[in-house]
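**Q** After the C-alpha cells below, expect a handful of questions from me.
The values are calculated or read from the model by the stated rules, or taken from the named source; none is laboratory data. Predicted model only: the values in this text are computed from it and were never measured. Every residue, glycine as well, gets a Cβ built from its backbone with ideal geometry; the counts of neighbours run over all protein chains shown. Heavy atoms of the whole protein, side chains included, go into the accessibility calculation; ligands, DNA and RNA do not. Shrake-Rupley method; radii C 1.70, N 1.55, O 1.52, S 1.80 Å.
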Amino acid sequence: MRPEFATCATGKTQSPVHIQPGDALPADLEPISFEYGPLVGRIHHTGHTDQDDVQGTNMLVVRGKVYRLVQFHFHHPAEEMINYRGFPMVAHLVHKDSEGRLAGVALLMELGAENPVLAQAWARMPLKAGEQYLLDAGRLSVADTLPKERGYYTFTGSLTTPPCSEGVTWVVMKQPVAISQTQLETFRRLFPLNARPVQPLNARLVQESR
C-alpha cells in the first residue's frame with residue numbers, strides 16, 4: 001500500500017461498518033433535509049466504479065450543517081450491513097461543506113422496480129476506464145431515488161476508498177431503494193466486486209433517528 005494510504009490500515013474510525021443490534025443509540029435527531037434539483041453533470045468510469053459528478057446547488061442539511069452534493073457512485077455488493085443483512089448494491093452520495101468537510105449518504109439498494117435515476121444516469125454508461133459522458137441534463141433529480149421514509153443512522157467514519165480519509169459524517173438511510181435485476185447485472189458485469197469489507201466500530205457512537 002502506498003504510504004499516503006496508510007490510514008486505510010491504521011485508522012480507528014474507518015468505513016464501511018456493520019451496524020448490529022445494540023450498536024445504535026436511538027436519539028431525537030432532526031429530520032434530514034435533501035434539497036436536490038435537476039440532475040446535471042457527467043458520468044465517468046474511474047476504473048473502480050461509475051461515478052456521477054454533479055453540478056449545481058444540490059444541498060443536504062444534516063445535524064445542523066449544510067453540504068453540497070459533489071458526486072455519487074456505486075458499490076456491488078453494498079458495503080454497509082444492517083443487523084446481519086447485506087444488500088446487492090449501494091449508492092454513496094458524497095457532499096462537501098464550505099470548509100471542505102465531507103458527508104456521505106448511503107442509499108442501500110434491493111431488487112425491485114427499475115430505478116429511474118439509474119436508467120437516466122446509465123443510458124450511456126462508460127464501459128472503459130477513463131471514458132466519460134455528459135448526463136442527459138435536467139430530466140430527473142437525484143431526489144427521485146430517495147426513500148419515502150427518512151429514518152437514518154449516523155456516525156463518524158471515513159472514505160471507503162484510498163486514501164480512506166477520516167472525519168466523514170456518514171448517514172445510512174434505513175429504508176432501501178429499488179434497483180432492477182437488469183440494472184444490477186449491468187453494473188455487476190463491469191464491476192464484479194468493488195466493495196470494501198466492513199471495518200471495526202472501535203466503540204464509535206452510532207445514533208439512530210426515532
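**Q** Only residues that are closer than 21 Å to Val40 by Cα and open to solvent by less than 30 Å² (accessible area, probe 1.4 Å): list them for the range 91-108, please.
**A** Ala91, His92, Leu93, Val94, His95, Asp97, Ala103, Gly104, Val105, Ala106, Leu107
**Q** Out of Thr182, Thr161, Thr145, Thr156, which single residue is modelled with pLDDT of 95 or more and either of a type outside the set (Val, Ile, Thr) or within 15 Å of Val105 (Cβ to Cβ) (or both)?
**A** Thr156 is the lone residue from the list that is modelled with pLDDT of 95 or more and either of a type outside the set (Val, Ile, Thr) or within 15 Å of Val105 (Cβ to Cβ) (or both).
**Q** Next question. Name the strands (runs of 3 or more DSSP E) wholly within the range 109-210 that hold at least 2 residues that are open to solvent by less than 20 Å² (accessible area, probe 1.4 Å)?
**A** Result: 152-158, 166-173, 177-179, 206-209.
**Q** Shifting gears a bit: Find all pairs meeting these conditions: Cβ atoms under 9 angstrom apart; at least six residues apart or on different chains; first residue within the range 51-67 and without any contact (Cβ under 8 Å) to a residue 24 or more places away in the chain; second residue assigned to a loop (DSSP other than H, G, I, E, B) and hydroxyl-bearing (Ser, Thr, Tyr).
**A** Going by the 9 Å Cβ cut-off, the qualifying pairs are Gly56/Tyr36.
**Q** State all residues of the range 5-34 that are under 30 Å from Thr186 (Cβ atoms) and part of a strand (DSSP E or B); if no residue qualifies, say none.
**A** Within the range 5-34, His18, Ile19, Phe34 qualify.
**Q** In addition: What's the number of the condition Cys8 fails, among (1) under 30 Å from Ser180 (Cα atoms); (2) surrounded by 16 or more Cβ atoms within 10 Å (Cβ to Cβ)?
**A** If we test Cys8 against (1) under 30 Å from Ser180 (Cα atoms); (2) surrounded by 16 or more Cβ atoms within 10 Å (Cβ to Cβ), just (1) comes out false.
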